[in-house]
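What follows is one structure encoded as structure tokens, with my remarks underneath.
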């Protein structure tokens with residue numbers, strides 16, 4: 001009886017794995033317009049579907065082959081060509097032979113598909129299976145930390161209630177899902193909610209069905225394959241959010257400076273209106289011929305000198321300080337200097353004030369002129385929380401406590417921080433750069449590299465790079481591409497009004513950014 005039960009369980013996870021892997025392969029085959037796979041056990045018999053799959057994933061050219069093989073030798077020839085493509089992609093398939101596919105050996109076929117998934121889907125997380133699992137697991141733990149009824153310890157039972165999937169979605173897109181009313185007891189409902197939202201709103205293919213988790217012991221490889229889809233979706237979103245945060249900071253700086261400039265202009269106009277009215281009063285000689293009126297004129301001038309004018313002198317100083325702050329801050333942040341509208345510059349105000357003092361001297365009193373300037377400088381730095389995260393990541397992946405990271409440890413550490421490389425060559429180049437030619441990376445080298453990534457330099461190039469990332473590497477950007485947290489509607493409207501329009505609904509962010517910085 002025990003043997004039957006064990007056999008039944010094996011048949012269940014094999015069926016789940018087969019279904020999940022098939023959905024994963026078809027999601028990529030469809031993107032290239034290839035025929036989908038209906039049965040993973042039989043559909044690799046001719047080798048053609050395997051060629052199509054490797055081409056859709058790695059863009060390796062499909063060799064000349066028999067397009068309608070009927071005889072076994074012809075099928076084996078095609079399969080051999082397909083396996084050559086796998087070798088070209090540098091995928092380790094562990095003893096896979098042409099006969100395994102021709103004979104429809106399901107165990108070996110599933111192992112082959114898993115090897116492809118590990119290489120393609122988990123690329124950027126790690127090279128080895130265990131490191132891949134560890135890096136992906138750590139990412140899940142960090143992203144779901146603090147969520148009620150969520151404790152990710154593995155890729156099987158930790159996902160059964162559906163709360164972990166919902167937490168991953170809510171952590172990155174709280175607008176798509178309300179986490180508070182969820183109940184871990186409603187596992188199927190939670191899983192259906194997460195899977196539907198992930199497919200509909202995030203483009204994550206529904207590789208699993210709720211019953212694959214609730215009605216049997218979850219298959220680790222199937223769950224890991226599906227969770228990795230979330231990783232790739234949200235790791236990219238993490239980078240875009242960071243880019244959006246920098247653009248948000250840029251917008252906040254621009255709007256803050258424009259408010260300072262607007263306040264300066266409003267106050268400057270008010271002061272000039274007062275000066276012109278005061279000069280008119282001071283130049284008046286409409287005096288009465290009585291002693292009472294003479295005393296009244298004296299008291300009025302005394303009040304002007306001791307109360308009214310000093311208050312306006314303070315306003316003038318404040319304006320000069322405001323303008324100095326504006327110009328200095330623009331210079332410190334390498335922005336284009338501010339030019340006050342005609343008639344509102346400090347020179348214009350000084351000229352009006354000089355005329356006021358000449359009128360005042362004619363009444364017997366001179367006042368001193370005040371000048372005040374200060375410089376405010378701000379520093380950009382990464383947060384204390386980011387520093388702790390960097391140090392914790394280094395310590396976690398420094399397995400032998402040597403104070404250094406080898407290549408695999410470095411790759412796993414970057415993956416945990418949602419940093420990925422385009423391909424293995426890009427990663428090797430990055431490793432050599434950070435290691436400065438050594439075969440391992442020290443903690444200080446690791447810290448310096450990540451500080452350089454997280455630090456906000458607030459340069460024109462960094463702002464343009466952030467716009468470019470939001471625009472999916474295009475030189476033009478649409479309002480929809482700017483709609484990434486923390487940018488809000490007001491920020492997007494602000495940019496849309498100021499960036500040059502190049503096509504319908506698209507804007508030239510590069511020209512606009514350059515116009516706001518000094519060269």
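The values are calculated or read from the model by the stated rules, or taken from the named source; none is laboratory data. Everything numeric in this text was worked out from a predicted model, so none of it was measured. Using ideal geometry, Cβ is built from the backbone for each residue, glycine included, and neighbour counts are taken over all protein chains shown.
Here 82, 40, 88 are screened, and the one residue that is surrounded by fewer than 17 Cβ atoms within 10 Å (Cβ to Cβ), outside the structural domain of residue 425 (by TED's automatic domain parsing) and in contact (Cβ under 8 Å) with a residue 24 or more places away in the chain is 88.
Do we have residue 110 as touching a helix residue (DSSP H, G or I) at 6+ places or on another chain (Cβ under 9 Å), assigned to a helix (DSSP H, G or I) and over 22 Å from residue 238 (Cα atoms) here? When the stated conditions are applied, residue 110 passes them. Suppose the filter is crowded, with 19+ Cβ neighbours inside 10 Å, in a helix (DSSP H, G or I) and modelled with pLDDT under 90; does residue 243 pass it? For residue 243, the condition - crowded, with 19+ Cβ neighbours inside 10 Å, in a helix (DSSP H, G or I) and modelled with pLDDT under 90 - is met. Could we say that residue 197 is at pLDDT below 95 and buried (at least 16 other Cβ atoms within 10 Å of the Cβ) here? Answer is no for this residue. Taking the stretch 475-511 on its own, how many of its residues are surrounded by fewer than 18 Cβ atoms within 10 Å (Cβ to Cβ), within 16 Å of the chain's Cα centre (by Cα) and in a loop (DSSP other than H, G, I, E, B)? Residues in the stretch 475-511 being surrounded by fewer than 18 Cβ atoms within 10 Å (Cβ to Cβ), within 16 Å of the chain's Cα centre (by Cα) and in a loop (DSSP other than H, G, I, E, B): 4 in total.
Selection of the stretch 55-81 for residues being more than 19 Å from residue 104 (Cβ to Cβ) and assigned to a helix (DSSP H, G or I) yields 55, 56, 57, 58. When residue 181 is tested against the conditions (1) touching a helix residue (DSSP H, G or I) at 6+ places or on another chain (Cβ under 7 Å); (2) surrounded by fewer than 18 Cβ atoms within 10 Å (Cβ to Cβ), the lone failure is (1).
Condition check: modelled with pLDDT of 85 or more, out of contact with any helix residue (DSSP H, G or I) (no Cβ under 6 Å at 6 or more places or on another chain) and more than 30 Å from residue 333 (Cβ to Cβ). Does residue 438 satisfy that? Yes: the conditions hold for residue 438. Consider the stretch 282-295 and keep the residues that are at pLDDT below 80 and touching a helix residue (DSSP H, G or I) at 6+ places or on another chain (Cβ under 8 Å). The one that is nearest to residue 308 (Cα to Cα) is 283.
Based on this model, can you work out whether residue 395 counts as surrounded by fewer than 16 Cβ atoms within 10 Å (Cβ to Cβ) and either at pLDDT 85 or above or closer than 30 Å to residue 59 by Cα (or both)?
In short, yes.
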